[in-house]
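I have placed the structure first, in the form of structure tokens, so that the comments after it can refer back to it.
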Amino acid sequence: MRKVIGIGETILDLIFQENQPQKAVPGGSTFNCMISLARCGLEALFVSELGNDHLGEIIRDFMLENGLSADYVEFYDAGKSPIALAFLDKNSQATYSFYREFPDNRLSVAFPDVHVDDVVIFGSYFAVNPEIREKVKGWLNEAKNRQAVIYYDINFRAAHADEKPELMPAFLENIACSTVVRCSDEDLSVLFPNQSIAEIYRTQMAPRCKLLIVTQGANGTLLFTPNLEKSYPVQPVKPVSTIGAGDNFNAGFIHALVQNGITRTNFDNLQEKGWDELIASAHKFAAEVCQSLDNYIAVTSYQ
């Protein structure tokens, strides 16, 4: 059975509406994706870090209850589990305040073995963070050498734009390591300002990774491959919360990829119908998550 392996930050999201707390849920970009995939019954492993504290215990129990392995999560003593305050505006879009206390020596956990056509997902600031970059980079290169399908969600926002010159080499390395890159139009406007999406694909992405997916919220999704460029509309929904929408777009895409038996080499000859099925599944997962305060699909949705 193919494994899906995620690597990323784990955090507790405290969600506010009209400045009043509504719900506390475990979160993190790749974490949200992995919970949904575990709820689908896939073999799901997650590499991360948490404090060896009460909050870390709550999140570990949540992972295990949902079928997501915690064997590769480091529980550190010199620090605390991170928390994010997520404030939803009238359009259900979130702004965040983060509270983190990590140890000096991070991500000292053993990484899982990767085999041919296992799926690896990574992304966000975690994937370019200088504090852990060499460990993440080394494992990703090993995954690429072992011919895994590597899915990179850039997920880089304007709040970190001042770090872009320092981080750009890591972004480009991540793109070159990947089978599929997924990003939002907002990500691209921060990383490559004053360029059209088609130009960015041609000059920045295609020389490094041939497969690019760009989500544009209610404006739909763009797909770029060497043989196909296509725009996919999205069905309008009235969102309760957009937290986790992009993360579950990733989960829906990966779920369909595994269910349809698409391997790393299959992407070279994947026809339009195949892409249509992958994007449709991604849209379906994202739409479901937008209609609740949870960061993941419901337990019984796809089992």
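A few remarks follow.
- Strands (runs of 3 or more DSSP E) contained entirely in segment 91-159, each with at least 2 residues that are over 24 Å from Asn260 (Cβ atoms): 94-101
- Members of segment 210-220 that are under 13 Å from Val181 (Cα atoms) and under 17 Å from the mean Cα position of the chain (by Cα): Leu211, Leu212, Ile213, Val214, Thr215
- Asn145 surrounded by fewer than 20 Cβ atoms within 10 Å (Cβ to Cβ), farther than 27 Å from Asp268 by Cα and among the polar types (S, T, N, Q): no
Yes/no per residue for (1) farther than 24 Å from Gly252 by Cα; (2) crowded, with 16+ Cβ neighbours inside 10 Å; (3) modelled with pLDDT under 95:
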position: Asp153; (1), (2), (3): no, yes, no
position: Ala176; (1), (2), (3): no, no, no
position: Val180; (1), (2), (3): no, yes, no
position: Thr203; (1), (2), (3): yes, no, no
position: Pro207; (1), (2), (3): yes, no, no
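- Within segment 244-262, the set of residues being surrounded by 18 or more Cβ atoms within 10 Å (Cβ to Cβ) and more than 12 Å from the chain's Cα centre (by Cα) comprises His255, Ala256, Leu257, Val258, Ile262.
- Test result for Val114, surrounded by 21 or more Cβ atoms within 10 Å (Cβ to Cβ) and within 18 Å of the chain's Cα centre (by Cα): no
- Among the residues of segment 117-137, those identified as buried (at least 20 other Cβ atoms within 10 Å of the Cβ), within 17 Å of His160 (Cα to Cα) and not small (Gly, Ala, Ser) are Phe126, Val128.
- Any hit, segment 241-256, residues being over 16 Å from Tyr151 (Cα atoms), part of a helix (DSSP H, G or I) and of a type outside the set (S, T, N, Q): yes
- Among the residues of segment 4-43, just one is part of a helix (DSSP H, G or I) and surrounded by fewer than 24 Cβ atoms within 10 Å (Cβ to Cβ), namely Arg39.
- Residue check for Val181: in contact with a Leu (Cβ under 8 Å, 6 or more places away or on another chain) and among the hydrophobic types (A, V, I, L, M, F, W, C): yes
- Residue under evaluation Asp77, criteria (1) exposed (fewer than 15 other Cβ atoms within 10 Å of the Cβ); (2) free of Cβ contacts under 8 Å to residues at least 24 places away in the same chain; (3) not basic (Lys, Arg), criterion not met: (2)
- Qualifying residue in segment 141-157 (condition: over 28 Å from Val116 (Cβ atoms) and of a type outside the set (Asp, Glu)): yes
- Check on Ser69, among the polar types (S, T, N, Q), on the phi < 0 side of the Ramachandran plot, in contact (Cβ under 8 Å) with a residue 24 or more places away in the chain and not in a helix (DSSP H, G or I): yes
- Residues being part of a loop (DSSP other than H, G, I, E, B) and surrounded by 16 or more Cβ atoms within 10 Å (Cβ to Cβ) - total across segment 264-289: 2
- Enumeration of residues in segment 34-72 that are closer than 26 Å to Ala286 by Cβ and of a type in the set (Lys, Arg): Arg39
- Only one entry of Arg106, Arg146, Arg60 meets the criterion of being farther than 24 Å from Phe16 by Cβ and in contact with a His (Cβ under 8 Å, 6 or more places away or on another chain), and that entry is Arg146.
The values are calculated or read from the model by the stated rules, or taken from the named source; none is laboratory data. Keep in mind it's a predicted model, so treat the numbers as computed, not measured. Backbone-built Cβ (ideal geometry, glycine too); neighbour counts: all protein chains shown.
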